[in-house]
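Structure, as structure tokens:
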Amino acid sequence: AANWDYFGGPGTKDESGKTLRGGFPQLRIVALAECGTRALVSVALGSYNNGEKTLAVELIPQLRPEMLVLADRNFPGYELWQQAAATGAELVWRIGKNFSLDVDEVL
């Protein structure tokens, strides 16, 4: 019960539509990891109700100018990009097809 109270988790519904707790409480984690070795550089931990972008903000101070930071399509956003870019790290972030940007240069 204490884990559910602290971490929360996904729910389900019974046949009558009553909301039930899922099988296990869940921890949400966002990690800054090296691609080659998969070594964890830093992690941000939160409850199931914490969003990944919210946790990603906690990792920004760990970014360094010598890093190339790859991020999945859940992370694009002006504020997060500006904070990450301000560290001097090189950024390559995937975006979803619904996110439109003008083409500056075709490589």
If each K or R counts +1 and each D or E counts -1, the residues other than LEU80 whose Cβ falls under 15 Å of its Cβ total -1
Dividing the mean separation of Cα pairs under 8 Å (6+ apart) by the residue count of the stretch 5-65 yields a relative contact order in percent of 30
Check: the chain dipole with +1 on Lys, Arg Cβ and -1 on Asp, Glu Cβ, in debye: 440
Accessible area (Å², per residue) of the chain, counting only protein heavy atoms and a probe of 1.4 Å: 77
So, by mean Cβ neighbours within 10 angstrom, what's the order for 97-104, 33-40 with the highest one leading? 33-40, 97-104
For volume of the Cα convex hull per residue in Å³, which listed value, (1) 152; (2) 129; (3) 171, comes from the coordinates shown? (3)
Top positive-direction residue, dipole computed over the chain with Cβ charges, set TRP93, LEU63, ALA31: ALA31
Summarise the accessible area of the chain (1.4 Å probe, protein heavy atoms) by the percent that is carbon and sulfur. 51
Once every DSSP H run of n ≥ 4 in the chain is given -39500 (n - 2.57) and the sum is divided by its residues, what mean residue ellipticity at 222 nm do you get, rounded to the nearest 500 deg cm²/dmol? -5500 deg cm²/dmol
I need to check one value: relative contact order of the chain, counting alpha carbon pairs closer than 8 Å and at least 6 residues apart, in percent. 18
When we measure straight from the Cα of LYS97, which lysines land under 24 angstrom away, once same-chain ones fewer than 8 places off are left out? LYS53
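The values are calculated or read from the model by the stated rules, or taken from the named source; none is laboratory data. Everything quoted here is computed from the prediction, not taken from an experiment. Backbone-built Cβ (ideal geometry, glycine too); neighbour counts: all protein chains shown. Areas reflect the complete protein model, heavy atoms only, side chains present, ligands, DNA and RNA absent. Shrake-Rupley method; radii C 1.70, N 1.55, O 1.52, S 1.80 Å.
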